[in-house]
Amino acid sequence: NAGVTQTPKFQVLKTGQSMTLQCAQDMNHEYMSWYRQDPGMGLRLIHYSVGAGITDQGEVPNGYNVSRSTTEDFPLRLLSAAPSQTSVYFCASSKGFSDTQYFGPGTRLTVL
Amino acid sequence: KQEVTQIPAALSVPEGENLVLNCSFTDSAIYNLQWFRQDPGKGLTSLLLIQSSQREQTSGRLNASLDKSSGRSTLYIAASQPGDSATYLCAASRNTGKLIFGQGTTLQVKP
């Protein structure tokens with residue numbers, strides 16, 4: 001198993017550009033989520049999904065969109081990047097919401 | 001609103017020492033508590049998961065305890081090694097799977 005994979009590992013955007021951070025898992029996990037990690041703020045939940053076709057907002061959802069068309073994939077879209085979205089983004093998955101969550105290696109995003 | 005605090009923020013110990021990392025949470029209605037390890041520039045690795053009905057979990061040299069009534073969890077590391085140097089994060093979850101993280105304790109184990 002590859003576990004949770006994220007692409008790209010690094011990305012630099014200009015303000016106003018759009019992009020999609022990819023997340024995939026091969027463990028047949030129903031629960032997937034996106035977090036951002038910022039110095040002094042820790043990890044905060046952006047969006048999460050309890051299964052294909054079902055998504056909901058976390059603590060800091062503004063500026064981000066998600067969809068879950070398959071069990072394996074949970075992409076995070078930035079429609080119009082802002083410098084405040086400079087961060088490290090982590091995707092996580094678990095079998096169910098009460099189970100151990102497994103994290104991907106992260107995407108380091110810089111918005112200029 | 002759930003808040004999770006980890007003390008100390010940083011810790012430096014000599015190799016071989018037993019140590020305790022602390023995690024406190026404000027809302028005792030948690031579903032479970034997880035401890036993670038994060039190496040610089042890397043993702044999070046799950047160490048231990050304690051369900052709300054459990055008091056402790058053990059894995060090798062690691063032992064995590066949970067006391068919901070006092071809003072505290074501790075991670076005990078026995079016979080620390082330089083390879084244990086990392087940031088340790090605790091995260092509390094309600095019955096939605098949403099994790100609320102502490103700020104972490106950065107541990108340095110000196111040879």
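The values are calculated or read from the model by the stated rules, or taken from the named source; none is laboratory data. No experiment lies behind these values; they were computed from the predicted model shown. Reconstructed Cβ throughout: ideal geometry from the backbone, glycine too, with neighbour counts over all protein chains shown. Heavy atoms of the whole protein, side chains included, go into the accessibility calculation; ligands, DNA and RNA do not. Shrake-Rupley method; radii C 1.70, N 1.55, O 1.52, S 1.80 Å.
Points to keep in mind about this one:
Yes or no, residue by residue, for (1) more than 14 Å from chain A (Cβ to nearest Cβ); (2) small (Gly, Ala, Ser); (3) open to solvent by 60 Å² or more (accessible area, probe 1.4 Å):
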position: B:Gln57; (1), (2), (3): no, no, no
position: B:Gly60; (1), (2), (3): yes, yes, yes
position: B:Gly71; (1), (2), (3): yes, yes, no
position: B:Thr74; (1), (2), (3): yes, no, no
position: B:Ser85; (1), (2), (3): yes, yes, no
position: B:Ala91; (1), (2), (3): no, yes, no
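- Scanning the range A:59-86 for residues that are within 14 Å of chain B (Cβ to nearest Cβ) and either open to solvent by 50 Å² or more (accessible area, probe 1.4 Å) or of a type in the set (S, T, N, Q) (or both) yields one hit, A:Glu59.
- Those strands (runs of 3 or more DSSP E) of the range A:1-79 in which 3 or more residues are not basic (Lys, Arg) occupy A:4-7, A:10-13, A:19-25, A:31-38, A:42-51, A:54-57, A:64-66.
- Residue check, A:Val60 within 23 Å of B:Thr106 (Cα to Cα), in contact (Cβ under 8 Å) with a residue 24 or more places away in the chain and not basic (Lys, Arg): no
- Subset tally (residues that are within 11 Å of chain A (Cβ to nearest Cβ), open to solvent by 40 Å² or more (accessible area, probe 1.4 Å), at pLDDT below 95 and out of contact with any Ser or Thr (no Cβ under 6 Å at 6 or more places or on another chain)) for the range B:31-51: 3
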